[in-house]
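Have a look at the structure below, then the notes.
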Amino acid sequence: MRKEDGPIKREFRVNEEIRSREVLLIDTDGRNLGVTPVDRALAMAREKGLDLVEVAPEANPVVCKIVNFGKYRYQLEKREKKQQKPARLKEVKFTIQTGEHDFQTKLSRIREFLNDGHKVRVSVFFKGRQIIHLGKGEEMLARVAATTQDIAKVDQNATSKGRTLQMLLVPLPRKGGRGEEKDTQGVGEAAQDHAQR
């Protein structure tokens with residue numbers, strides 16, 4: 001049995017370590033190949049130069065998938081780390097005298113933070129008598145909100161705190177996943193479908 005190093009504390013049975021006589025086999029592209037004798041499943045995996053990995057040992061019959069074990073383990077670790085990563089609060093500061101180029105640079109930083117899953121506090125600072133131009137600060141925050149509406153929503157509208165005008169942006173939830181994540185979801189669904197039969 002191969003133990004997992006890192007954030008996922010899970011043991012995988014791979015190739016000859018699989019004890020079941022019959023397994024519910026999932027192909028490399030996520031197709032359910034049905035209940036197969038473990039010897040035949042191992043032969044199919046070797047033909048493709050891949051490993052037979054037990055992905056759902058508690059299911060009846062055990063669910064196994066033909067994958068490159070190293071790559072599969074790496075994808076699981078990567079997804080686990082991404083789920084554990086807390087959303088941090090970042091702050092980007094403007095003044096009402098911020099030029100167009102600086103505005104665009106700061107806007108690209110805001111987009112970068114939002115794409116990384118962080119919340120962003122956008123602040124406009126007023127120096128001295130600039131506080132009488134509160135409307136210009138509100139216009140700037142509205143412009144930021146409008147240009148980031150494809151990836152974020154305004155969680156807290158512009159509020160005045162002393163000589164600062166602040167707004168909070170939070171990233172929109174992402175739809176779907178990529179490649180390997182969909183495959184592992186398909187494995188669970190295949191096991192449930194077979195259990196219901």
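Check Glu47 against each of (1) farther than 30 Å from Pro173 by Cα; (2) buried (at least 17 other Cβ atoms within 10 Å of the Cβ) and name the one condition it does not meet.
It fails just one condition, (2).
Restricting to region 128-159, name every residue that is touching a strand residue (DSSP E or B) at 6+ places or on another chain (Cβ under 6 Å) and in a helix (DSSP H, G or I).
Listed by number, the residues that qualify are Gly137, Glu138, Met140, Leu141, Val144, Ala145.
How many residues does region 131-159 contain that are touching a residue at least 24 places away in the same chain (Cβ under 8 Å), among the small types (Gly, Ala, Ser) and farther than 16 Å from Ser108 by Cα?
Total meeting the criteria: 1.
Quick one: in region 50-83, of everything that is at pLDDT 85 or above and of a type in the set (Asp, Glu), which residue is surrounded by the most Cβ atoms within 10 Å (Cβ to Cβ)?
Checking each candidate, the answer is Glu54.
Taking the criterion of being more than 30 Å from Gly34 (Cα to Cα) and either without any contact (Cβ under 8 Å) to a residue 40 or more places away in the chain or hydrophobic (A, V, I, L, M, F, W, C) (or both), would at least one residue in region 48-71 satisfy it? Spell out the reasoning first.
Step one: filter region 48-71 for residues more than 30 Å from Gly34 (Cα to Cα), giving none.
No, that holds for no residue.
Give me a count of the residues in region 23-41 that are surrounded by fewer than 17 Cβ atoms within 10 Å (Cβ to Cβ), farther than 16 Å from Asp51 by Cβ and touching a strand residue (DSSP E or B) at 6+ places or on another chain (Cβ under 8 Å).
Of the residues in that region, 3 qualify.
Conditions first: (1) at pLDDT 85 or above; (2) within 27 Å of the chain's Cα centre (by Cα); (3) among the acidic types (Asp, Glu). Glu47 passes all but one, so which condition is the exception?
Unmet condition: (2).
The values are calculated or read from the model by the stated rules, or taken from the named source; none is laboratory data. For clarity, every value in this text was computed on a predicted model and none was experimentally measured. Neighbour counts run over all protein chains shown; Cβ positions are idealised from the backbone, glycine included.
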